[in-house]
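Input: a single structure, listed below in structure tokens.
The values are calculated or read from the model by the stated rules, or taken from the named source; none is laboratory data. None of the values given here were measured: they were computed from a predicted structure. Backbone-built Cβ (ideal geometry, glycine too); neighbour counts: all protein chains shown.
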Amino acid sequence: MYIVKNLRKYAFIVVNLVVTLLLAACASGHDAKPEKVEDAQAKKQLQGTWVNDLEGNIVFTFKGDTVYYNDSLSAPVMFHVYNDTLYIENHPLTAYPIKRLNDSELCFVNSEGDETLLVKCGKDVAPLARGEYKGTVALNQGRKVKSDTVMVYKDRHYHAYTQVNPTTYKVYRQTINSDGLKVESTYYDNIVYIALYEGQRKLFGSNFTKSDFAGVVPQAYLEQTVLSEILVKNATEQGVRFVAILSIPDSYTNYRVNIDIDSQGRKNLSI
């Protein structure tokens, strides 16, 4: 009899637990927000090539889920339309509020806060439609670039070695074009190996990526740069100075970071 009573007690507890879990699940399902639904009609109306109403120049072409720019270096990207806003999957995501959209006109607010009016033309003439998009650019043409330097400082004889190795790591550079749109160009980054010897003794040897300079280069700048090369500068009383060149592609802007290797093989980074 005692065993039966206990079994009933445990059965009651289990049933209560199951009911509680079911009620919680139902409540959770009731409160859950529905998934964002894309505006299929707006996406359909965007399909085709759009030109600037004032200047008559081609701005972009929408095909399927992708937008193509009238620029052979600007990468095609995915787009979406939610709640009267055009979202372009740049890095980071770009949003353009849509003021008016029909089968022949598109009015939206560009990245500079100006309203832009576009009209649809009859042909898809964006560069990719003509096979002109150049794709991801390798700034060193995908080749290994090597250098050897021999230096003498007083009674010390140094041999410095550098090698630039191409990678498939992508760097996205975002700019605003003449139509006030954020467009991206994609480049391949590099890894640079440096080594330093004093006579036959190896003092230092290591690969460098641009992330190694995060402590001395502002992050916002670093994200857009390519590690172009590391140069051998000179020998000093302490050791040898290398200089890393971090460049923003297709611009005259670069950041130079000193890499000092002392006679004990210790590394120090500075601007």
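Side notes on the structure shown:
- Residue match in the stretch 183-193 (condition: polar (S, T, N, Q), closer than 30 Å to Leu54 by Cα and touching a Pro at 6+ places or on another chain (Cβ under 8 Å)): yes
- Residue match in the stretch 109-116 (condition: assigned to a strand (DSSP E or B), acidic (Asp, Glu) and either modelled with pLDDT under 80 or in contact with a Phe, Trp or Tyr (Cβ under 9 Å, 6 or more places away or on another chain) (or both)): yes
- Test: Asp189 is among the acidic types (Asp, Glu) and within 16 Å of Leu227 (Cα to Cα): yes
- Taking the numbered list (1) touching a residue at least 12 places away in the same chain (Cβ under 8 Å); (2) over 30 Å from Asp114 (Cβ atoms); (3) hydrophobic (A, V, I, L, M, F, W, C); (4) surrounded by fewer than 17 Cβ atoms within 10 Å (Cβ to Cβ) in turn, Val232 passes all entries but (4).
- From the options Gly180, Gly199, residue that is assigned by TED's automatic domain parsing to the domain that holds His157, within 30 Å of Leu117 (Cα to Cα), touching a residue at least 12 places away in the same chain (Cβ under 8 Å) and of a type outside the set (Val, Ile, Thr): Gly180
- Asn190 crowded, with 16+ Cβ neighbours inside 10 Å, in contact with a Leu (Cβ under 9 Å, 6 or more places away or on another chain) and within 30 Å of Glu89 (Cα to Cα): yes
- A single entry from Ser228, Ser251 fulfils the requirement of being small (Gly, Ala, Ser) and either in a strand (DSSP E or B) or in contact with a Ser or Thr (Cβ under 7 Å, 6 or more places away or on another chain) (or both): Ser228.
- Residue-level analysis places Asn258 among those that are in contact with a Ser or Thr (Cβ under 6 Å, 6 or more places away or on another chain) and over 16 Å from Tyr188 (Cβ atoms).
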